[in-house]
Amino acid sequence: MIKNKRILVLGGAGSVGSELVRQLARINKIFIIDQNETETFNLREELKAKGCWVHSRTGDIRDKETIIDVFEDFKPQYVFHTAALKHVTPNEEYPLEVIQTNIIGTYNIMMEAKKWECLEKFVFISSDKSVNSSSIMGISKRMGEVMVCNQGTKFITVRFGNVLGSRGSVIPIWQRQIDEGMPITITDEKMMRYFMTIEDACELVIKAAEEGKGGEIFILDMGKPINIFNLARDIVLKSGRDIPIKIIGKRSGETLEEKLMTEEEEKRAIRKGKFFIIKR
């Protein structure tokens with residue numbers, strides 16, 4: 001159990017980041033860096049009302065001075081890096097933005113963390129889009145994995161599938177379309193994706209922080225991928241409404257299938273309970 005620690009959560013107002021903060025704040029001191037001032041403030045107030053020690057700074061991981069100031073003031077023992085640009089299509093349109101956040105921002109945090117002897121674990125959140133990627137977002141996450149895993153001890157990566165209910169997840173988008181009486185849109189009938197819940201995601205992140213020694217990639221065994229068209233059809237049936245499904249075509253950077261590991265990684269992966277662990 002991670003207990004009585006000073007924990008820095010980058011992107012702590014996001015879907016996975018905020019759930020991590022909620023779970024860890026009960027028995028730890030938490031500092032959040034996030035650009036979303038309102039959501040960060042609301043989360044702080046929610047947890048402070050429960051007696052938790054939570055502080056935050058509205059800031060950008062691209063800014064080295066912000067990162068340096070927080071490390072100097074807070075001296076974190078655990079760092080959970082969940083901050084990222086995550087949407088494939090906008091990042092294809094403006095690749096410089098994802099490079100500055102997902103690569104340079106990650107580098108800024110990682111290099112500052114290395115300076116501090118108090119650091120016990122650094123956990124970087126990656127994506128299954130990093131595997132055999134055809135998108136700038138996936139490539140940026142792959143570069144993050146390589147940078148972090150090559151730091152050796154204390155530095156660990158967690159690779160996610162699609163997180164149900166998170167910002168950018170397809171489910172909230174479909175729900176909004178249903179509420180507005182619009183057709184549900186999918187890009188291709190053959191598209192397959194892995195899905196996990198926010199709770200599963202946070203369990204994986206905390207388990208990696210507890211068990212990781214350094215240089216590993218932790219991956220949850222998510223079973224078989226799900227066909228997006230079948231998922232959309234099930235949601236329409238559950239809605240009880242006559243909602244059409246509209247095929248809009250695969251967008252730039254998207255793939256029909258995503259993998260949790262490369263073929264080479266599959267040969268080296270070690271299974272431990274519900275997880276796969278790949279050692280660099």
Tell me, yes or no, whether segment 37-45 has at least one residue that is touching a helix residue (DSSP H, G or I) at 6+ places or on another chain (Cβ under 8 Å), at pLDDT 95 or above and among the acidic types (Asp, Glu). yes
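I'd like the full set of residues that are in a strand (DSSP E or B) and more than 18 Å from residue 145 (Cβ to Cβ), limited to segment 230-280.
245, 246, 247, 271, 272
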Tally time: how many residues in segment 180-192 are within 14 Å of residue 258 (Cα to Cα) and either at pLDDT below 90 or of a type in the set (A, V, I, L, M, F, W, C) (or both)? 2
Quick check, is residue 166 in contact with a helix residue (DSSP H, G or I) (Cβ under 9 Å, 6 or more places away or on another chain), under 17 Å from residue 83 (Cα atoms) and in a loop (DSSP other than H, G, I, E, B)? yes
Considering only segment 194-231, state which residues are touching a residue at least 60 places away in the same chain (Cβ under 8 Å) and small (Gly, Ala, Ser). 201, 208, 209, 212, 214, 215
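Among the residues of segment 137-163, how many are part of a strand (DSSP E or B) and either touching a His at 6+ places or on another chain (Cβ under 8 Å) or of a type outside the set (Val, Ile, Thr) (or both)?
Pass one, segment 137-163, residues part of a strand (DSSP E or B): 155-160, 162-163.
Filter once more, so that each one left must be either touching a His at 6+ places or on another chain (Cβ under 8 Å) or of a type outside the set (Val, Ile, Thr) (or both): 155, 159-160, 162.
Final tally of qualifying residues: 4.
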Does segment 129-152 hold any residues that are in contact with a Gly (Cβ under 6 Å, 6 or more places away or on another chain) and crowded, with 17+ Cβ neighbours inside 10 Å, and which are they? 129, 130, 135, 149
Kindly evaluate residue 106 against the criterion of being within 17 Å of the chain's Cα centre (by Cα) and of a type in the set (Val, Ile, Thr). yes
What helices (runs of 4 or more DSSP H), lying completely within segment 1-104, carry at least 3 residues that are among the acidic types (Asp, Glu)? 37-48, 64-74
Just to be sure before I move on: is residue 126 farther than 19 Å from residue 29 by Cα, surrounded by 17 or more Cβ atoms within 10 Å (Cβ to Cβ), of a type in the set (Ser, Thr, Tyr) and in contact (Cβ under 8 Å) with a residue 60 or more places away in the chain in the structure I sent? yes
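To keep it simple, each residue is scored yes or no on (1) buried (at least 18 other Cβ atoms within 10 Å of the Cβ); (2) farther than 12 Å from residue 81 by Cβ; (3) among the polar types (S, T, N, Q).
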| site | (1), (2), (3) |
| --- | --- |
| 15 | yes, yes, yes |
| 20 | yes, no, no |
| 23 | no, yes, yes |
| 28 | yes, yes, yes |
| 41 | no, yes, no |
Check 9, 21, 16, 54 and return the single one that is at pLDDT below 95 and not charged (D, E, K, R). 16
From the option list 204, 119, single residue qualifying as buried (at least 17 other Cβ atoms within 10 Å of the Cβ) and in a loop (DSSP other than H, G, I, E, B) is 119
Name every residue in segment 178-193 that is part of a helix (DSSP H, G or I) and either in contact (Cβ under 8 Å) with a residue 40 or more places away in the chain or surrounded by 17 or more Cβ atoms within 10 Å (Cβ to Cβ) (or both), in order of residue number. 178
Residues in segment 260-275: is at least one of a type in the set (Ser, Thr, Tyr), surrounded by fewer than 17 Cβ atoms within 10 Å (Cβ to Cβ), over 19 Å from residue 123 (Cα atoms) and modelled with pLDDT of 90 or more? yes
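The values are calculated or read from the model by the stated rules, or taken from the named source; none is laboratory data. In this text the structure is predicted, and so the values were computed from the model without any measurement. Here Cβ is always computed from backbone atoms with ideal geometry, including for glycine, and neighbour counts include all displayed protein chains.
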